[in-house]
Amino acid sequence: MLEDTGERIIPELMKPTNGMLLEHLARYYFAAPYVNGTVLDFATGAGYGAHMIAKLCKSRTEAVLGVDIDPAVVEYARQTYYHPLVSYAVHDVLDPKLSQQIGPFDTILSFETVEHIADDERFMQNCYDLLKPGGTLVLSSPFGAGRGKPCLSPWHVHQYTEDEFRQLFRQFDSVEYYYQHGVLFEPKREGVRYPFGIAVCKK
């Protein structure tokens, strides 16, 4: 059994009413309508999300690959979240040669990952390079005081302002922005403070 690090989502170790768990599950349900073809779950963690997407989108999904840097978590995913459409592999999301090793993909999902990575520009470039022309990236991150500034989470390198979050996607041809509060996603409403942003991007 994996150890709960405080940020890692392991549904088997969490109560079904846990707010963090519900928020993470909600992101995959939000993303499901945008999923098709070959799918990359980038920084898949325990693998529950890749498994969810395979089940929710099986009629329009060819294969789902869950990638994580931690061999122990990848092995846990293989043992706990098997699905015939899903495979799991150990890779570094910052590897500049990653696009030559895996992919390309029709859909990439990456939830609550980019804020953990100091070299966020390299990470975003890998997301772009791994995506097929016309493909879709769905990516989320919490908002905060700004790029590289101290925040309450010891695991986060960045907690972007809304403007900084939007700048992450400047390479993409089109981007739709949504905002998450609990399990709710909606377009921005004036006067509402949102803890999370989520972008749906087309290459």
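The values are calculated or read from the model by the stated rules, or taken from the named source; none is laboratory data. Quick caveat: nothing in here was measured; it's all calculated off a predicted structure. For neighbour counting, all protein chains shown are included, and Cβ atoms are generated from backbone atoms with ideal geometry for every residue, glycine included.
Scanning region 20-58 for residues that are at positive phi and buried (at least 21 other Cβ atoms within 10 Å of the Cβ) yields Ala43, Gly45, Gly47. Annotation note: Cβ proximity below 8 Å between a residue of region 9-25 that is of a type in the set (Lys, Arg) and a residue that is surrounded by 11 or more Cβ atoms within 10 Å (Cβ to Cβ) (sequence gap 6+ or interchain) occurs for Lys15/Leu21.
Residues satisfying the criterion are absent from region 149-159 (criterion: closer than 22 Å to Val35 by Cα and at pLDDT below 95). Looking only at residues of region 180-198 that are in a loop (DSSP other than H, G, I, E, B) and without any contact (Cβ under 8 Å) to a residue 12 or more places away in the chain, we find that the one that is surrounded by the most Cβ atoms within 10 Å (Cβ to Cβ) is Lys188.
Could you check how many residues of region 66-80 are under 24 Å from Gly135 (Cβ atoms), buried (at least 19 other Cβ atoms within 10 Å of the Cβ) and either of a type in the set (Ser, Thr, Tyr) or out of contact with any Phe, Trp or Tyr (no Cβ under 7 Å at 6 or more places or on another chain) (or both)? Give the steps one after another, and end with the answer.
First pass over region 66-80, keeping only residues under 24 Å from Gly135 (Cβ atoms): 66-69, 74, 77.
Still in the running and buried (at least 19 other Cβ atoms within 10 Å of the Cβ): 66-68, 74, 77.
Now narrow it down to the ones that are either of a type in the set (Ser, Thr, Tyr) or out of contact with any Phe, Trp or Tyr (no Cβ under 7 Å at 6 or more places or on another chain) (or both): 68.
Matching residues across region 66-80 total 1.
Is it true that Val183 is farther than 14 Å from Met124 by Cα and of a type in the set (Val, Ile, Thr)?
Values: farther than 14 Å from Met124 by Cα: yes; of a type in the set (Val, Ile, Thr): yes.
So Val183 fits the description; yes.
The residue list Val39, Val35 contains one member that is touching a Lys or Arg at 6+ places or on another chain (Cβ under 9 Å), among the β-branched types (Val, Ile, Thr) and under 25 Å from Phe165 (Cβ atoms), which is Val35.
Can you confirm whether Arg78 is more than 23 Å from His158 (Cα to Cα), modelled with pLDDT of 95 or more and not hydrophobic (A, V, I, L, M, F, W, C)? Break it down stepwise before answering.
Working: more than 23 Å from His158 (Cα to Cα): yes; modelled with pLDDT of 95 or more: yes; not hydrophobic (A, V, I, L, M, F, W, C): yes.
So Arg78 fits the description; yes.
Scanning region 96-105 for residues that are over 16 Å from the mean Cα position of the chain (by Cα) and either aromatic (Phe, Trp, Tyr) or surrounded by 15 or more Cβ atoms within 10 Å (Cβ to Cβ) (or both) yields Leu98, Ser99, Ile102, Gly103, Pro104.
Restricting attention to region 167-179, the residues being outside any loop (DSSP other than H, G, I, E, B) and without any contact (Cβ under 8 Å) to a residue 12 or more places away in the chain number 1.
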